[in-house]
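Please read the structure below before turning to the comments.
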Amino acid sequence: TDIVVFEKKDEIGGTWRENTYPGVACDVPSHMYTYSFEPNPNWSNFFARGPEIKAYFEHVTDKYDIRQHIHFNEAVSDAVYDAGKWYVKTVQNKDYVFDFVISATGILHHPAYPEIEGLDTFEGSTFHTAEWDHSVNTGSGSRVGIIGTGSTAAQAIPELVNSGAEVTVFQRTPQWVLPLKDFNISDKAKRLFNRFGFIHRFMRRFAIFFMEHMFTKAVTGHPIQKKILEWACKSNLRLSIKNKALRDKLRPNYQVGCKRVIVNTTFYPAIQKDNAHLVTERIDRITPAGVLTTDGVLHKLDVLVLSTGFKPLSFMRPMNMTGKDGLHINDAWAHSVKAYRSMLLPHFPNFFLMLGPNTPIGNFSVIAMSEVQGDYVLKLINKWRENEFDELEPKPEAITRFNDYVKRGLKGTAWVGGCQSWYLDADGDPILWPYTWAKWVEE
Ligand code: NAP
């Protein structure tokens, strides 16, 4: 009944507000990337585009009258726990006191900038994909370099190539690509979904079933699904890339699913166009004129795009968060970032982490995950309201037990299939959930 939502920017949207790079879209089917209580029969595409998803969240915010609770442009700078209360300070130097604090700051939010010598000497324009500078010409007449070939780059590269730029792609590690084609949803189909809710509900259930029983299982050690996914990605490479030398450069030497599988049908056609150049030589350094690779070639550029991913373990940091006995979050997480059931931290009572470590489930909808966690938080807060407890925090042995359980699941997954990715932390422990969606809900 008494809720404050702190939003650091002047509008809502999270990922879909921050990421405006050309081609930004969700590779989880739209009908499943929605709240269960607010289905959307009007999605324009099977895989919705970023602006439409942002508009969906704005619609939900307005319909459920959430805006009245949101303090825009007010990032939390400090949160200190003392004797049953959280004392919160914001960048506007305002103070608040709460019984509970929930962190919903996201996972892939802090851009990771590559440490490459000379990056700051480049005389053209440089920006990260999550901070796209739309004032810069990246179309016809421009020479654009892009570092990285992850899910983001696979969506942005075709747009750059098709807009007529000379595009040089710097690939360090190739990726497996699953060719699930996006398609427009016709007005007739939308009318049908609006009129007959059960068809729409079936679409949603089917998408969830497919992602759970195909995708999630394929990467978490279920042999039949794994074989099908492998076959689909390998055939895609073989059938889509005509030139053998290019095909060899694009072929990963690790298991399918080890890195996040890229769901895309536009990257392979784009990289074969005359104005696209795939560079697999290592980057030596960046010069004022462009990128110098270790073979001595200088790739002259006007724009350098960093599609180099995110720091997945920052969560609510750099917030100054202090729990019981003055324990700072940076000290609590100094060695590794862990949480009980991905939501609760020892020494940080009455604090909940949304989409924390071991929440992400490969290529599944985070909206569904947030709903499960939202219910869990409410259940616990209701117990507090019924005076069942004053303080809630996990015991260290509970967290150890939980982490051992998660770690045991890692052995069967594709993530230990010979690659490096943001899916594993520095100790090689999974940041993701190594079992099925159903098991995650149950746990
Ligand atoms: P990413 O998957 O972490 O990819 C980063 C890329 O940058 C990799 O190719 C990496 O190469 C390369 N890289 C990083 N540092 C480098 C360096 N110093 N020199 C050369 N190359 C370097 O990042 P992302 O593509 O932004 O995707 C991150 C996550 O966002 C995805 O896994 C996904 O969860 C999410 N995402 C989802 C969608 C969607 O459709 N739902 C779309 C975009 C992103 P290495 O592989 O060699 O490290």
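The values are calculated or read from the model by the stated rules, or taken from the named source; none is laboratory data. Model, not experiment: these values are computed from the prediction. Here the Cβ is made from the backbone with ideal geometry for all residues, glycine too, and neighbour counts use every protein chain on show. Ligands, DNA and RNA are excluded from the accessible area calculation, which covers all protein heavy atoms including side chains. Shrake-Rupley method; radii C 1.70, N 1.55, O 1.52, S 1.80 Å.
Worth a mention:
- Whichever residue in region 276-290 is surrounded by 18 or more Cβ atoms within 10 Å (Cβ to Cβ) and within 11 Å of the ligand (Cβ to nearest atom) and, among such residues, is farthest from Glu115 (Cα to Cα): Val279
- Residues in region 1-41 that are open to solvent by less than 30 Å² (accessible area, probe 1.4 Å), more than 13 Å from the chain's Cα centre (by Cα) and of a type in the set (S, T, N, Q): Ser30, Thr34, Asn40.
- Some residue of region 257-272 being more than 28 Å from the chain's Cα centre (by Cα), modelled with pLDDT of 95 or more and either surrounded by fewer than 17 Cβ atoms within 10 Å (Cβ to Cβ) or part of a loop (DSSP other than H, G, I, E, B) (or both): no
- Residue pairs meeting the criteria (Cβ under 6 Å; at least 6 apart or on separate chains; first within 15 Å of the ligand (Cβ to nearest atom), in region 260-273; second of a type in the set (Asp, Glu)): Val263/Asp27
- Residue satisfying all of: in region 169-196; in contact (Cβ under 8 Å) with a residue 40 or more places away in the chain and more than 16 Å from the ligand (Cβ to nearest atom); nearest to Asn42 (Cα to Cα) among these: Lys190
- Residue match in region 2-18 (condition: away from the ligand (no atom under 16 Å from the Cβ) and at pLDDT below 95): yes
- Considered as a group, the residues in region 295-332 that are open to solvent by 30 Å² or more (accessible area, probe 1.4 Å) and of a type in the set (Gly, Ala, Ser) include one that is farthest from the chain's Cα centre (by Cα), and that residue is Gly296.
Residue by residue, here is whether (1) away from the ligand (no atom under 12 Å from the Cβ); (2) modelled with pLDDT under 95; (3) open to solvent by less than 60 Å² (accessible area, probe 1.4 Å); (4) assigned to a strand (DSSP E or B) holds:
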residue: Ile107; (1), (2), (3), (4): no, yes, yes, no
residue: Tyr113; (1), (2), (3), (4): no, no, no, no
residue: Asp120; (1), (2), (3), (4): yes, no, no, no
residue: Thr126; (1), (2), (3), (4): yes, no, yes, yes
residue: Asp133; (1), (2), (3), (4): yes, no, yes, no
residue: Ser140; (1), (2), (3), (4): yes, no, no, no
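- Looking at Val91, Val76, Val80, Val97, just one residue is touching a Gly at 6+ places or on another chain (Cβ under 9 Å), open to solvent by 30 Å² or more (accessible area, probe 1.4 Å) and either charged (D, E, K, R) or away from the ligand (no atom under 16 Å from the Cβ) (or both), and that residue is Val80.
- Scanning region 339-350 for residues being surrounded by 22 or more Cβ atoms within 10 Å (Cβ to Cβ) and either β-branched (Val, Ile, Thr) or under 21 Å from Trp433 (Cβ atoms) (or both) gives a total of 5.
- Only a single item in (1) part of a loop (DSSP other than H, G, I, E, B); (2) touching a Pro at 6+ places or on another chain (Cβ under 7 Å) is not met by Ala156, and it is number (1).
- Condition check for Trp422: surrounded by fewer than 20 Cβ atoms within 10 Å (Cβ to Cβ) and under 21 Å from the mean Cα position of the chain (by Cα): yes
- Contact annotation: residue pairs with Cβ atoms under 6 Å, 6 or more positions apart or on different chains, pairing a residue in region 364-392 that is more than 28 Å from Thr15 (Cα to Cα) with a partner that is surrounded by 12 or more Cβ atoms within 10 Å (Cβ to Cβ) and among the polar types (S, T, N, Q), are Leu392/Asn350.
- Tally, over region 85-124, of residues that are touching an Asp or Glu at 6+ places or on another chain (Cβ under 7 Å) and polar (S, T, N, Q): 2
- Members of region 221-256 found to be small (Gly, Ala, Ser) and modelled with pLDDT of 95 or more, listed by number: Ala232, Ser235, Ser240, Ala245
- A search for C-beta distances below 6 Å between a residue of region 316-338 that is closer than 22 Å to Val406 by Cα and any residue that is loosely packed, with under 14 Cβ neighbours inside 10 Å, counting only pairs 6+ apart in sequence or on different chains, returns Ser336/Asp427.
- With respect to the stated conditions, Val161 fails to be open to solvent by less than 30 Å² (accessible area, probe 1.4 Å), within 20 Å of Leu292 (Cα to Cα), more than 10 Å from the ligand (Cβ to nearest atom) and not in a loop (DSSP other than H, G, I, E, B).
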